[in-house]
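The values are calculated or read from the model by the stated rules, or taken from the named source; none is laboratory data. Because the structure is a prediction, the values reported are computed rather than measured. Cβ: placed from backbone, ideal geometry, glycine included. Neighbour counts: every protein chain shown.
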Amino acid sequence: MPDNLLNILGFGLIGEAEDGNEYRYIIFEDRLNGHTVEYLLHKNQNPEFWSEIELLEIEKNSPQIKGFIITFCGKNFVVIGEESIQDALEKQNQAIEIIKRISHEEAEKLRLESKGYCTNLTHEGAMEIAWRTIDKKAKLVRFRVYKGKGNFSWNKWYEIERE
């Protein structure tokens, strides 16, 4: 699994939610693909990362943040540290259920058995045709399967392990 690092381009002032929890906006940039995303950090959800941002504010020195930015349903989301993609998407208000983690090779085998597929890189509402290989940059994939009598359905998402 390669170590991908995120840059912090900026962060906002501390705000207070109705429940008394503190939050602040952070703008991340993925060093690998150049994508940016705004992230709402809640102090009680990730106190360790909150402390790193406070340290950044004092020292004016950006810490090395492990993570990456994933595109899903046409929007960018940040995955920080060892957080799972499912947890990251749920924290950022995107409902998703991931069946399990699979390798890219396993995803290719499932693709050959399917009638089409969709990845996190596929445009919303579109579908990839089954004879086309899965992009190596894809981090999520789901497959279209034939149910009989002219009916098709989508299975739940698989997370493709990073190599």
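For the stretch 1-10, a residue qualifies if it is part of a loop (DSSP other than H, G, I, E, B) and hydrophobic (A, V, I, L, M, F, W, C), and exactly one does: 1.
Just to be sure, is residue 30 under 21 Å from residue 138 (Cβ atoms), surrounded by 15 or more Cβ atoms within 10 Å (Cβ to Cβ) and among the charged types (D, E, K, R)? Spelling it out, residue 30 is indeed under 21 Å from residue 138 (Cβ atoms), surrounded by 15 or more Cβ atoms within 10 Å (Cβ to Cβ) and among the charged types (D, E, K, R). Applying the selection to the stretch 70-89, what residues are closer than 29 Å to residue 18 by Cα and either small (Gly, Ala, Ser) or in contact (Cβ under 8 Å) with a residue 24 or more places away in the chain (or both)? Once the filter is applied, which keeps residues that are closer than 29 Å to residue 18 by Cα and either small (Gly, Ala, Ser) or in contact (Cβ under 8 Å) with a residue 24 or more places away in the chain (or both), the stretch 70-89 yields 76, 77, 78, 80, 81, 84, 85, 86, 88. Would you confirm whether any residue within the stretch 46-69 is within 24 Å of residue 94 (Cα to Cα), hydrophobic (A, V, I, L, M, F, W, C) and at pLDDT 85 or above? Yes: one or more hits. Can residue 13 be described as surrounded by fewer than 16 Cβ atoms within 10 Å (Cβ to Cβ) and not in a strand (DSSP E or B)? The answer is yes for residue 13. Would it be correct to say that residue 132 is over 20 Å from the mean Cα position of the chain (by Cα) and either in the same structural domain as residue 86 (by TED's automatic domain parsing) or charged (D, E, K, R) (or both)? In short, yes. Applying the set (1) surrounded by fewer than 16 Cβ atoms within 10 Å (Cβ to Cβ); (2) in contact (Cβ under 8 Å) with a residue 60 or more places away in the chain; (3) not hydrophobic (A, V, I, L, M, F, W, C) to residue 67 leaves exactly one unmet item: (1). Against the condition polar (S, T, N, Q), over 25 Å from residue 159 (Cβ atoms) and either part of a helix (DSSP H, G or I) or modelled with pLDDT of 80 or more (or both), how does residue 76 come out, does it pass? No: the conditions fail for residue 76.
Within the stretch 16-46, restricting attention to residues that are aliphatic (A, V, I, L, M) and not in a strand (DSSP E or B), the residue that is farthest from residue 67 (Cα to Cα) is 17. Inspect all residues belonging to the stretch 81-97 and state whether any of them is outside any loop (DSSP other than H, G, I, E, B), in contact with an Asp or Glu (Cβ under 9 Å, 6 or more places away or on another chain), within 27 Å of residue 7 (Cβ to Cβ) and modelled with pLDDT under 85. Yes, the stretch 81-97 has at least one match. The criterion of at least 2 residues that are loosely packed, with under 13 Cβ neighbours inside 10 Å and in contact (Cβ under 8 Å) with a residue 24 or more places away in the chain is met by the following strands (runs of 3 or more DSSP E) wholly inside the stretch 98-163: 98-102.
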